Amino acid sequence: METATAQDIIWPEVELIRNEFPILQQTVNGRPLVYLDNGATTQKPVSVIRSMQEYYTQYNSNVHRGVHTLSQQATTAYEAARHAVAAFIGAHHHEVVFTKGTTDAINLVAAGFRKTILKEGDEIIISAMEHHSNIVPWQLACEEKGAKLKVVPISDKGELDMDAFRSMLNPRVKLVSITWISNTLGTVNPVHDIIALAHEQGIPVMLDAAQAAAHTPIKVHELDVDFLALSGHKLFGPTGIGILFGKESWLEQLPPYQGGGDMIKHVTFEKTTYADVPLKFEAGTPAICEAIGLGAAVAWVNRIGIHKIQAYEHQLTEYAVAALKQIEGLRFIGEARHRSGAISFLVGDTHPSDVGVLLDQQGIAVRTGHHCTQPLCDRFGIPGTVRASLAVYNTTADIDRLVEGVRKAVTLLG
């Protein structure tokens, strides 16, 4: 298939979409902002900002325990957000636990496995492209229990070695925890195959969907995945909120992550009984406003259409890769056949941070560094990359500005 040209990528909705994001209308360093750091966090549409403002100005109150009107309104809105997120990922509402984000969700599962499942000699499988949040919690769990952390290798193109993965599956493996889309490489992993292969041997699977949620449809029951985590702020929602999906049988099996109010049925000094899932895992006053904001973000994505977003971003990614290839000395870090969201590269011997600073001076926001994937950078023998990560409000004009900016940065750096 031929690479899309700027003339091919005509989607009138994109300009209407951009108008819904106030932050995109500003200038940075005297130039119109080009925001290409969506892998770190996405910007927020007016509807999300407004939903959070309405909570604080009209019905700010705690949830679940109050009988007065404001508390009832807050509880209704909070639980409506849970239902919205559940529908978005194809889950039942009681299988959705509100967390602080993907990191918190992974730590919740790791804590549960550490307490009740992992034993000396057991194994956990992750991959060589994982974010630190899907490495360190499992390292801590394995160190405490005397278990082993196994790592699926990747190719020079940044794709999982599926033959190696198959060979690693055995009765000692208690969980496979894999990223759906790499935050550094943009690699889209074959999650259906990963889940099917693991389940053939009775091994549960957790997916880190932090980078996937804004780019691809998620249907957890069709996937048959056991756990899935995502973050609101990478899905056009607020920071400090995310979710853990868990099959009901697993959520029932795992112990509470934290103790406190709202996660109990009855407390005495001798014994406490816990609330039903998902409240069993939601101790204390939750991030009410943030959850409502996440619900509004999901509603916004649904209005645009996740399949439309996926198709547009696919074209935009192809356009960006083709345009960047024209820069002399540029090399991509990760060239998987299936990629989404992130494009990482280096140019000659220039340090990625130097390129990033010069791009910022031109009003172009990218991410530089190791992107919380230091083992992955070690695998490629690099200090980090320049990462341009796309969202639905980006355009071919943004890509053109990026290419122009990189050329200028390389010239200045000599």
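The values are calculated or read from the model by the stated rules, or taken from the named source; none is laboratory data. Quick caveat, the model's predicted, so the values are computed rather than measured. We place every Cβ from the backbone using ideal geometry, glycine too, and count neighbours over all the protein chains shown. What goes into the accessible areas is simple: the full protein's heavy atoms, side chains included, and nothing from ligands, DNA or RNA. Shrake-Rupley method; radii C 1.70, N 1.55, O 1.52, S 1.80 Å.
In 10 Å bins starting at zero, report the fraction of Cα pairs in the stretch 219-288 per bin as a rounded %.
Pairs per bin, as whole percents: 18, 41, 32, 8, 1.
Peptides 231-238, 141-148, 57-64: what's the order by average Cβ count within 10 Å, highest mean first?
Most protected by this proxy first, the peptides run 231-238, 141-148, 57-64.
Which of the peptides 14-27, 170-183 is most tightly packed, and how do the rest follow, judged by the mean count of other Cβ atoms within 10 Å per residue?
So the order, starting with the most tightly packed, is 170-183, 14-27.
Apply 1/(1 + (r/R0)^6) to the Cβ-Cβ distance of T411 and Q258, taking R0 = 60 Å, and write down the FRET efficiency to the nearest 0.05.
Efficiency for this residue pair is about 0.65.
Just flag the chymotrypsin sites (Phe, Trp or Tyr not before Pro) in the stretch 249-313 sitting in loop per DSSP whose Cβ has no more than 11 other Cβ atoms within 10 Å.
Hits after loop and neighbour filter: F269.
Give the calculated FRET efficiency between R172 and S249 to the nearest 0.05, with a Förster radius of 25 Å applied to their Cβ-Cβ distance.
For R0 = 25 Å, the calculated efficiency reads 0.70.
Enter the per residue convex hull volume of the stretch 77-119, computed from alpha-carbon coordinates, in Å³ rounded to the nearest integer.
Taking only Cα atoms, the stretch 77-119 has a hull volume of 87 Å³ per residue.
For E313, E252, give the ranking by accessible area with the largest first, probe 1.4 Å.
In descending accessible area the options line up as E252, E313.
Once you've got the Cα coordinates, tell me which of K115/K247; K100/K408; K145/K219; K174/K219; K280/K308; K150/K265 are over 30 Å apart.
From the list (K115/K247; K100/K408; K145/K219; K174/K219; K280/K308; K150/K265), the Cα-Cα distance tops 30 Å for K100/K408; K145/K219; K280/K308; K150/K265.
What order, most packed first, do the peptides 128-134, 353-359, 114-120, 217-223 have when packing is the mean number of other Cβ atoms within 10 Å of each residue?
The peptides rank, most packed first, as 128-134, 353-359, 217-223, 114-120.
Could you state the principal axis extents of the C-alpha atoms in the stretch 363-403, from the largest down, to the nearest angstrom?
That works out to 33, 18, 15 Å along the principal axes.
Can you pull the semi-axes for the stretch 106-177, root of five times each eigenvalue of the Cα gyration tensor, sorted largest first, whole Å?
Value: 22, 14, 8 Å, ordered largest first.
Report, please, the projected area of the chain averaged over directions, based on the convex hull of its C-alpha atoms, in nm².
Over every viewing direction, the Cα hull of the chain projects on average to 21.5 nm².
For the chain, which whole-number percentage of the solvent-accessible area (1.4 Å probe, protein heavy atoms only) is attributable to carbon and sulfur atoms?
Within the chain, the accessible surface is 52 percent carbon and sulfur.
Using the heavy atoms of the protein chains and a 1.4 angstrom probe, tell me the accessible area per residue for the chain in square angstrom.
Dividing the accessible area of the chain by its residue count gives 42 Å².
So how long is each side of the stretch 92-249 along the principal axes, counting just the alpha-carbon atoms, biggest first, in Å?
Principal extents (largest minus smallest coordinate, Cα): 40, 37, 27 Å.
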